[in-house]
Ligand code: B4P
């Protein structure tokens, strides 16, 4: 199994790059953001709860997100690998993921962190907000708050993986295809190292 975490601040291009990566490497795409937005669209009780947090730019409670990932892993028992997009975002989520993968005798092979400067992030999110209809895109103050929450709650998760030397920093500035090439180079290098 090759399991990849795509990590980075809101607007760094995780969703954009994930679509291309799952196609190239045949991984199952698990985006907690997409899963939550599906629950909201279907007006499920989970979606109603999640919306309260997402509209304010806050993180959805850990137990909700971890439960969703657990059931997705169960649904894809034969997967050759997963791409975790936007998960884990807290220390508790990272520990839960380790436990869930341990049960499958699997591990995280690589944590790819997309580095993008804050002004570019806000610019992209403002632009996305013009067409996305996403309530968390609508307001620049909420976008800045999401960047602050990333620094406070999510960035420390990178240090958790840094200790086991599974982290690759990827320059996320530039054209989508350029960023994709950089990501593929890091993934191919890791795959080669694991197979030798
Ligand atoms: P997510 O759905 O994960 O999305 P995101 O962080 O906003 O954006 P992403 O990095 O995927 O950027 P994208 O490719 O769209 O999170 C949404 C919310 O869900 C969170 O705030 C939280 O409330 C909740 N949530 C999700 N997971 C959670 C968890 N694990 N725990 C708790 N809560 C959770 O790119 C952004 C824009 O830039 C797009 O318009 C794109 O077209 C453009 N773009 C991408 N690459 C570009 C490039 N190279 N150049 C120019 N533009 C580019």
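Of the residues 45, 61, 9, which is without any contact (Cβ under 8 Å) to a residue 24 or more places away in the chain and closer than 22 Å to residue 148 by Cα? Before you say what the answer is, go through the steps one by one.
Working: 45 fails: closer than 22 Å to residue 148 by Cα; 9 fails: without any contact (Cβ under 8 Å) to a residue 24 or more places away in the chain.
Among 45, 61, 9, only 61 is without any contact (Cβ under 8 Å) to a residue 24 or more places away in the chain and closer than 22 Å to residue 148 by Cα.
Look at segment 163-194 and say how many of its residues are away from the ligand (no atom under 13 Å from the Cβ), surrounded by 13 or more Cβ atoms within 10 Å (Cβ to Cβ) and outside any loop (DSSP other than H, G, I, E, B). Can you show your working first?
So in segment 163-194, the residues away from the ligand (no atom under 13 Å from the Cβ) come out as 163-169, 184-194.
Applying the additional criterion that residues be surrounded by 13 or more Cβ atoms within 10 Å (Cβ to Cβ) yields 166-169, 184, 186-187, 190-191.
Checking which are outside any loop (DSSP other than H, G, I, E, B) leaves us with 167-169, 184, 186-187, 190-191.
So the answer is 8.
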Tell me which residues, restricted to segment 28-38, are farther than 13 Å from residue 67 by Cα and assigned to a helix (DSSP H, G or I). 33, 34, 37, 38
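Is there a residue in segment 81-88 that is touching a residue at least 24 places away in the same chain (Cβ under 8 Å), away from the ligand (no atom under 13 Å from the Cβ) and more than 16 Å from the chain's Cα centre (by Cα)?
Filtering segment 81-88 down to residues touching a residue at least 24 places away in the same chain (Cβ under 8 Å) leaves 81-88.
From what's left, away from the ligand (no atom under 13 Å from the Cβ): 81-82.
Then keep just the ones that are more than 16 Å from the chain's Cα centre (by Cα); that gives none.
Checked against the condition, which is being touching a residue at least 24 places away in the same chain (Cβ under 8 Å), away from the ligand (no atom under 13 Å from the Cβ) and more than 16 Å from the chain's Cα centre (by Cα), segment 81-88 yields no hits at all.
What about residue 123, is it under 26 Å from residue 186 (Cβ atoms) and either within 9 Å of the ligand (Cβ to nearest atom) or not in a loop (DSSP other than H, G, I, E, B) (or both)? Explain how you work it out, then say what you get.
On the way: under 26 Å from residue 186 (Cβ atoms): yes; either within 9 Å of the ligand (Cβ to nearest atom) or not in a loop (DSSP other than H, G, I, E, B) (or both): yes.
Criteria met by residue 123.
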First in segment 184-196 and over 15 Å from residue 107 (Cβ atoms), second anywhere and at pLDDT 95 or above and in a helix (DSSP H, G or I), Cβ under 8 Å, 6 or more apart: 184/21; 184/24; 187/21; 187/25
If we keep only residues of segment 131-162 that are assigned to a helix (DSSP H, G or I), out of contact with any helix residue (DSSP H, G or I) (no Cβ under 8 Å at 6 or more places or on another chain) and over 14 Å from residue 7 (Cβ atoms), then the residue modelled with the lowest pLDDT is 132
Residues located in segment 31-48, provided they are crowded, with 16+ Cβ neighbours inside 10 Å and either more than 10 Å from the ligand (Cβ to nearest atom) or more than 30 Å from residue 182 (Cα to Cα) (or both): 39, 40, 46, 47
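The values are calculated or read from the model by the stated rules, or taken from the named source; none is laboratory data. Everything quoted here is computed from the prediction, not taken from an experiment. As a convention, Cβ positions derive from the backbone with ideal geometry for all residues, glycine included, and neighbour counts pool all protein chains shown.
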